[in-house]
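Below: one structure, written as structure tokens.
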Amino acid sequence: MHGLERNGAPANAQIVHSGAACNVKDDNISERIYTIKEGDTLVLQCIVKGHPRPQVRWTKTAGSASDKFQETSIYNETLRIEGIQRVQGGRYYCKADNGIGVAAIRSIRVDVQYLDTPVLTVHQTISDVRGSYYQEKTVFLRCTVNSNPPVRFIWKRGTTLIEQSKDNGVDIYEPLYTQGETKVLKLKNLRPKDFADYTCQVSVRNVCNIVDKSVTFRLTNATAPPMIRLAVNDTVVVDPGQDVNINCEVTSGYPPPTITWSRYPDPLPLSAQVRGSTLMLRAVTPSDAGFYNCSAVNNVGNPARKNFNLVVRTMSNLTFQITPDSNKDSETIQMGRDLKLSCHVDATPQDKVNYTWYKNGALVYNSESLILLRSDPDMAPGTSSLEIVDMKFRDLATYSCVANFPGSRVPELRVDVNISQNSVSPPMLSVPPGGQTVVAREGGTAELVCLVVDGKPRPPILWSRLEKDLLMPSGQPLVETPNGRLRLKNVSRDMMGSYRCQTAPYNGLNIKRREAQVQLNVQYPPILDPVFQDVRSRNYQMVTLRCAVLRSNPPRLNDIRWLRNGDFVRMPMPDLKETPELKFKLEPTSNGTYECRVSNSAGTSTCTFNVSAQPYNAEFYFDTPNPVRILKGNNYSYNLQWTQKDPEATDRIIGYWVNVRKNKANLMSKQIDLRGKEPEKGVLISHVISDLRIPLSYEVRLAPITTYSTGEFVSRIIQYSEPYTYPRPSDHVCGFEDARICGFTQDRTDVFDWTRQNHLTQNPKRSANTGPETDRSGTKEGYYMYIEASRPRVQWDKARLLSPLFNVTSVKGPKGSGRVAYCVSFYYHMKGKHIGTLNVLLRVKSIAFVDTVIWTKSGHQGPEWRKAFFDITPNGPFQIVFEGVRGQSFEGDIAIDDVSITLGKCKQENTVASAGKTVLIGGSHSLSLTWWLTVGLAFALLLLYR
């Protein structure tokens, strides 16, 4: 059996949940909420439909706090978060897109429930009353906790519950502007009996099985806040390798405070040890520097804090500068002119560096001709300078700058500068002949050279990119080279460009910088498009292959060659200035792999084409409605559906090979003949596979057949799926106990939806005096469907719940009659002064769907569940529609439960249902809703698709 059916469908999506959910419900604004305890596992699955199979992407908006998942996407049908945290709450979206129509998006709000251990702090105030006759002492016990949902606070003195109305000496209130949830117990004008144990107990009323938590504090007349002191100054300077021991002494506080050490902004070093109140740092390094904080906490008053700054000495990179008379724009030293020698060391701390100057080994003192500057304002901070005023012959000498840390074990640093008429001259910078442009192959090495000639002292060379926004290949803006040679490894095309070399302003004359430029030219093979292309064509048709050259350095091409299956194609020499192109007539012998090899002096690149008259693969239809049909015995059949990708691209497709396998062994191999009708793009093809054994799964392989060849096989696993089952199958009713609600669906054209809930999932803030307390059976666990009348619902808003589609042509009526009688039975609950209307409609499909009201009830009907039943004789495939209409205000919830649609006329029964009463369905011809949903859906869908 095969045929062409409806076109490929756009994507559709539905979120289902599993894992450790505490509760899943819809709140008053029809928002889907998934409640879970912190630390449990969240599992959300996006069930997708549509053909081709949609791609699923999960995203998230921020919940109580943003997290990394907000900025990323997960491409998978199942979202799984182990040990979910509170910051991961929020709204999760699954988006299904298959390129047809508008992408399908579904969302669900994840509410993470948690309860932290409360924190109890004590604050005391003493105030004068009536002048100075006596003092009044007031104590505030502040209990703070973080939770979701909000907590309930209970205060106890000892084991006795504290109630504000029964004790004038206490006041319980919520303070403003507090973090988390806070309750304050105020003890006014402290009394002897107020010295006791106080317990703050918090509870979220066992939601998600979260137990209550509490904290206890003993209040005595000795209770006092903590005070501490450190035996060091605000700043502690030490040498590398030294040990540091700092004691944080507690001077007062009861209960005895707890001491903690921390560092800002980094955590404590791994080598740090805390013993009691003492912080010990062994063999410190520069990475151990920072601000260290000692905190003392006993939950009385505010924590006591003291801190100090630990500085670890460092000294490196001593540099000097020679500045000729800058007032005369000099670049050389001259007699009778001023000269300045500067000395700088990169050190920590900079203000602890001590500079000493020597002339020919003798200590230099301030004089009229020699001026010492401890910190030169014209130089970088921490630079020491020696100015020589009106230089004379006697000033020609060797000057030494020595930098050291007084009292430190760090060795001193020294630099000598020889000042003579021949020892100092301005540098000259040059690029060797032919070095202005350096050519390198991509992946190779390159050396850029700038040489200093005739410069004394000879300064280092700094390299940078000429373009301001570009960094050097090392990632730094500047690179220093002592000899002016910059060596680059693994050269890439993004390194290509102009490089600037310049003399450094230190370790030489402090004059205008000398500059030069070197151009780096990186050669690389041609960049081609396409790199790979799958080309399909009919036999004996002309095929054109094009290999476009996007970029190339050098741009001149040396060679273009075409190959087929590794052998060169004989053809005239192509024009190297044109786009490489190959034209030929595709024949059975010319199928294969074609390569276009394009070369320049830097290398060769290839375009690859897979040219074939073989048809494209078939694409399975993944959401075939109700593909399984039960056969006689222990067998079932499967309705396999697929589409053909680009069927017109190759020779005419005349059929398909279908192989059915079990454990890699072929059970059936069959050719499907299309009988002259060619596949169309996006149109479904179906084939029923029979004689499959329940409950086994099978691998099905499918390949298209053309007049020339057979395409490649694609495979999928087909599985036997059980019909709908219920927790209580003997009842033969739909009590909405399963999340699939027996195949009922929400009408997408109504204003709002019906809601599934039970007594345990009811909103504790729901409207009173309306709606049922339990389901029809009276159990707290039993579910029912209801409409929520609270805001944002307004009068006349409608919600429709649709039954599965039934096909009456599958069973003949008695004595050849064309009509078959069915009994529709259900329970309804309509309690509240604002109850609207419950309508039951019969929707029959002929050319179009026709709705007919067959039962209706309006207004308050009492607090009990009531039963309704009636007969119908539809003349075609039908559905039962439950329509709830909202009344004039919020006390208007309507509920239904235990729906039954059975073959045969109804028996007469009482219309009031009591809790726990057994439901009777039909007569001897009653069939379970399970059976009818399965059979009805199968026949109805077959009718629709035909």
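On the accessible surface of segment 285-387, probed at 1.4 Å, how many percent belong to carbon and sulfur atoms? All intermediate terms of the calculation are to be shown ahead of the outcome.
Numbers: 2330 of 4990 Å².
Of the solvent-accessible surface of segment 285-387, carbon and sulfur hold 47 percent.
So how do 708, 540 rank on accessible area, 1.4 Å probe, biggest first, that is with the largest at the start? Please list the in-between numbers first.
Values: 708 85, 540 135 Å².
Output order, biggest surface exposure first: 540, 708.
Using a probe radius of 1.4 Å on heavy atoms only, what accessible surface per residue do you get for segment 667-714? Whole Å² is fine.
Dividing the accessible area of segment 667-714 by its residue count gives 51 Å².
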| task | Write down the accessible area per residue of segment 411-467 in Å², having rolled a 1.4 Å probe over the full set of protein chains. | result | 51 Å²
| field | Principal axes of segment 311-465: Cα extent on each, largest first, Å | value | 59, 45, 26
| field | Distance in nm between pseudo-label sites at residue 235 and residue 392 (7 Å out along the Cβ direction from Cα) | value | 4.1 nm
| message | Can you give me the long-range amide H partners of residue 692? Hydrogens built in the peptide plane at 1.01 Å from N, cutoff under 5 Å, separation of 5 or more residues or another chain. | response | 636
| said: Under a crude label model (7 Å from the Cα following the beta-carbon direction), how far is residue 178 from residue 739 in nanometres? | reply: 3.8 nm
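Compute for the chain: radius of gyration divided by Kirkwood radius, i.e. Rg/Rh, restricted to C-alpha atoms, rounded to two decimals. All intermediate terms of the calculation are to be shown ahead of the outcome.
Numbers: Rg = 43.6 Å, Rh = 38.8 Å.
Here the Rg-to-Rh quotient is 1.13.
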| task | Kindly sort 215, 87, 284 by accessible area of their heavy atoms, largest first, with the probe set to 1.4 Å. | result | 87, 215, 284
| query | Which whole-number value in Å² is the accessible area per residue of segment 243-388, probe 1.4 Å? | reply | 51 Å²
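Taking all protein chains together and a probe of 1.4 Å, list 896, 741, 126 from the most accessible to the least accessible.
Numbers: 896 0, 741 20, 126 110 Å².
Result, largest first: 126, 741, 896.
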| request: Subtracting the Cα-Cα distance from 0.36 nm times the residue separation, let me have the gained length for residue 471 to residue 453 in nm, one decimal. | output: 3.7 nm
| request: Measure nothing but the geometry: give the 0 to 90° angle between the long axis through the Cα atoms of 929-945 and the longest principal axis through the Cα atoms of the chain, rounded to 10°. | output: 80 degrees
| Added length on full extension, which subtracts the Cα-Cα distance from 0.36 nm per residue, residue 671 to residue 100 | 202.5 nm
| remark: Ignoring ligands and nucleic acids, residue 853 exposes an accessible area, probe 1.4 Å, in Å² to the nearest 10, of 90 Å²
| request: For segment 407-551, just list the percent of Cα-Cα distances falling in each 10 Å bin from zero outward, please. | output: 10, 28, 22, 16, 10, 6, 4, 2, 1, 0
| Label-point separation (nm) for residue 138 and residue 41, each offset 7 Å from Cα along Cα-to-Cβ? | 5.4 nm
| remark: Per its Cα gyration tensor (rounded if a/c is under 1.5, else prolate when a/b beats b/c, else oblate), segment 520-579 is best filed as prolate
| task | Report, to two decimal places, the Cα Rg of segment 659-705 normalised by 2.2 N^0.38 Å (N = number of residues). | result | 1.36
| Accessible area of residue 549 in the full protein assembly, 1.4 Å probe (Å², nearest 10) | 50 Å²
| request: Figure the gain on full extension for residue 270 and residue 794 (residue separation times 0.36 nm, minus the Cα-Cα span) and round it to one decimal in nm. | output: 182.3 nm
| query | In segment 255-341, if every C-alpha pair distance is counted and binned at 10 Å from zero, what percent goes to each bin? | reply | 14, 28, 15, 10, 12, 12, 7, 2
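Determine the equivalent ellipsoid of segment 547-591 by diagonalising the alpha-carbon gyration tensor, then write out the semi-axes as square roots of 5 times the eigenvalues, largest first, rounded to whole Å.
Result for segment 547-591: semi-axes of 24, 11, 10 Å.
Evaluate Rg over Rh across segment 189-238, taking Cα atoms for both radii and Kirkwood's formula for Rh. Provide the component values of the computation, followed by the final result.
Working: Rg = 20.4 Å, Rh = 15.6 Å.
That ratio is 1.31, to two decimals.
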| query | In square angstrom, rounded to the nearest 10, how much accessible surface does residue 587 have for a 1.4 Å probe? | reply | 80 Å²
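The values are calculated or read from the model by the stated rules, or taken from the named source; none is laboratory data. Worth saying up front: this structure is predicted, and the values here are computed from it rather than measured. We place every Cβ from the backbone using ideal geometry, glycine too, and count neighbours over all the protein chains shown. Ligands, DNA and RNA are stripped out before the accessible areas are found, and what is left, the full protein with its side chains, is counted by its heavy atoms. Shrake-Rupley method; radii C 1.70, N 1.55, O 1.52, S 1.80 Å.
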